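Accompanying notes for the structure given below.
The values are calculated or read from the model by the stated rules, or taken from the named source; none is laboratory data. Predicted, not measured: the structure shown is a model, and the values here were computed from it. A quick note on method: Cβ atoms are made from the backbone with ideal geometry, for glycine too, and the neighbour counts reach across all protein chains shown.
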């Protein structure tokens, strides 16, 4: 089984989105960050992208 976003092989249980996509940890973290950024900024694309990067970096540190 592979990630529907990046096509990397999935290890363990995938994260399933509301739309039925199966994502790896990295792609799911990016999606969560983008969603949080869009909600917090009222839809600003630049803010959503920056929050996604911050959130992904934070999750990597917590996994290490």
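Tabulated data for the structure shown
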{"quantity": "Residue check, residue 37 touching a residue at least 12 places away in the same chain (Cβ under 8 Å), in a helix (DSSP H, G or I) and closer than 20 Å to residue 63 by Cβ", "calculated": "no"}
{"quantity": "Some residue of the range 23-31 being at pLDDT 85 or above and not in a helix (DSSP H, G or I)", "calculated": "yes"}
{"quantity": "Residue selected from the range 12-22 under the condition at pLDDT 90 or above and assigned to a loop (DSSP other than H, G, I, E, B), by the criterion nearest to residue 2 (Cα to Cα)", "calculated": "14"}
